[in-house]
Structures are given as structure tokens and as C-alpha cells.
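Chemist: Here it is, the structure in full.
The values are calculated or read from the model by the stated rules, or taken from the named source; none is laboratory data. Note that the structure is a prediction, hence the values are computed from the model and not measured. Heads up, the Cβs are rebuilt from the backbone with ideal geometry, glycines too, and the neighbour counts pull from every protein chain shown. Each accessible area value is taken on the protein alone, full model and side chains, heavy atoms only, with ligands, DNA and RNA left out. Shrake-Rupley method; radii C 1.70, N 1.55, O 1.52, S 1.80 Å.
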Amino acid sequence: MMSICRDDAKQCVGKGWSALLDEVYDRLPEDAVVSDVKEKYGSLRIYVDGVSMEILDFIYDIEERSLKICETCGAAGKPNLTGWIKTLCDEHSH
């Protein structure tokens, strides 16, 4: 199975979450397989195979942190509650 590389993962979501993806990729073992990276219900989702429970817990924490970071710019943000759920700062939520 092909793994999504760091640069391709950053193309799957907004630039505001690039630092979160860097944190994940910096911790992944070399043989980990990233099968999907996307935004879902306003949060970053990263699907990985071949990693320990410790790494999965770390990824879950990153996904939770993404709910407080604007996907567009990386500033403090929050999920909107109407329409397509996106986590955005005040500036990008309009």
C-alpha cells in the first residue's frame, strides 16, 4: 500500500494545519503507512497503519487540537455550527 507523503498530505487540507501535520510526520516511524488525510466535521483526520497505540493516541490529540486552529491560516479558531462544519478564525469564518 502506498503511503501519503508529508507534502501530499499538506495538499489535502488547509495551510493552517501544516504545522500539525509536521508534528505527526516528525513522530511517525519510517514504516508507517498514511492512508488518508482530510478534514471531517471540522477536524483534521489522519489515518495511519503500522503504528503503536502511543502514536495513535498522539494523532488523536493532534486531531483534537485541530478543532481550535483555523484550517486556513493557523490562528485560533473554532468550528462553525451551521452548514459544512469548518474550523476557522473570526476573519476566515465570514
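Per-residue answers, yes or no, for (1) open to solvent by 70 Å² or more (accessible area, probe 1.4 Å); (2) modelled with pLDDT under 95; (3) among the charged types (D, E, K, R):
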residue: 1; (1), (2), (3): yes, yes, no
residue: 12; (1), (2), (3): no, no, no
residue: 18; (1), (2), (3): no, no, no
residue: 46; (1), (2), (3): no, no, no
residue: 49; (1), (2), (3): yes, no, yes
residue: 60; (1), (2), (3): yes, no, no
residue: 66; (1), (2), (3): no, no, no
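Chemist: Give the residues of the range 57-94 that are under 13 Å from the mean Cα position of the chain (by Cα), free of Cβ contacts under 8 Å to residues at least 40 places away in the same chain and assigned to a helix (DSSP H, G or I), sorted by residue number.
Modeler: Those that are under 13 Å from the mean Cα position of the chain (by Cα), free of Cβ contacts under 8 Å to residues at least 40 places away in the same chain and assigned to a helix (DSSP H, G or I): 58, 59, 60, 61, 63, 64.
Chemist: Same structure, new question: Determine, yes or no, whether residue 54 is of a type in the set (Asp, Glu), part of a helix (DSSP H, G or I) and surrounded by 15 or more Cβ atoms within 10 Å (Cβ to Cβ).
Modeler: no
Chemist: Restricting the range 29-44 to residues that are among the hydrophobic types (A, V, I, L, M, F, W, C) and within 15 Å of residue 18 (Cα to Cα), which is surrounded by the fewest Cβ atoms within 10 Å (Cβ to Cβ)?
Modeler: Checking each candidate, the answer is 37.
Chemist: Something else now. Before we move on, is residue 38 charged (D, E, K, R) and without any contact (Cβ under 8 Å) to a residue 40 or more places away in the chain?
Modeler: So residue 38 passes the test.
Chemist: Could you check the range 4-51 and list, in sequence order, the residues that are part of a helix (DSSP H, G or I), closer than 15 Å to residue 62 by Cα and more than 12 Å from the chain's Cα centre (by Cα)?
Modeler: 26, 27
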